[in-house]
Amino acid sequence: MATIDLSEASDRVSCHLVGQMFRRNPNLLLALQASRTRRISQKLTSMLPPELELNKFSTMGSACTFPVESLTFLAIAIASVLTHRKQYVTAKTVESLMGELAVFGDDIVIPADSRLLFTEALEVLDFKVNTNKSFWIGGFRESCGVDAYEGVDVTPVYWRQLCDGKPASIA
């Protein structure tokens, strides 16, 4: 298995891509389009106008961002694996991938043999693979904050503060 992580994933989900993903369900697409943030106000720099038009589908914090990006990456993963294996998209072939694919936002687990086609598809769609947090060679994998070596959780414990005797600091 390969674990793939993306950089700036939610910022790179375009309105066009969402339109293509949900075109078969116009009511859902209309609801998604109606709920997105179209403009933002900014006062950080005078080099940009005070109001900016957004090209991305949605901002972090929107209830739609995470599920839409998860479904998008799952669809790309399914298409990549089936294409790599020279299989048609049918209910049976998609169902056969259960247990081989996992998507949680921009943390993706995919069969290593399909990784190259998957990352190429992502790049064609203007996504950026974070090669520092993506793994497919050797025994180490990282996904969703868990570090694993050959399937065993090896996530280190981080000491974040001194123990002051309160239950929260002991935990």
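The values are calculated or read from the model by the stated rules, or taken from the named source; none is laboratory data. This structure is a prediction, so every number in the text was calculated from the model and none was measured. Neighbour counts are summed over all protein chains in view; Cβ atoms, including those assigned to glycine, are modelled from backbone coordinates with ideal geometry. The area values use the complete protein model at the heavy-atom level, side chains included, leaving out ligands, DNA and RNA. Shrake-Rupley method; radii C 1.70, N 1.55, O 1.52, S 1.80 Å.
Is it true that some residue in the stretch 69-78 is under 21 Å from Gln33 (Cβ atoms) and free of Cβ contacts under 8 Å to residues at least 12 places away in the same chain? No. Candidates Ser80, Ser58, Ser114, Ser134: the one that is touching a Phe, Trp or Tyr at 6+ places or on another chain (Cβ under 9 Å) and crowded, with 16+ Cβ neighbours inside 10 Å is Ser80. For the stretch 69-89, the condition holds for at least one residue, the condition being that it is at pLDDT below 95, in contact with a helix residue (DSSP H, G or I) (Cβ under 8 Å, 6 or more places away or on another chain) and of a type in the set (D, E, K, R). Scanning the stretch 17-46 for residues that are open to solvent by 60 Å² or more (accessible area, probe 1.4 Å), of a type in the set (S, T, N, Q), assigned to a loop (DSSP other than H, G, I, E, B) and more than 17 Å from Ser70 (Cβ to Cβ) yields a single hit, Ser46. Residue count for the stretch 13-56 satisfying the condition of being modelled with pLDDT of 90 or more and in contact with a helix residue (DSSP H, G or I) (Cβ under 9 Å, 6 or more places away or on another chain): 11.
Taking the criterion of being of a type in the set (Lys, Arg) and either at pLDDT below 75 or assigned to a loop (DSSP other than H, G, I, E, B) (or both), the residues of the stretch 112-171 that qualify are Arg141, Arg160, Lys166. Among the residues of the stretch 62-101, those identified as among the acidic types (Asp, Glu) and part of a helix (DSSP H, G or I) are Glu69, Glu95.
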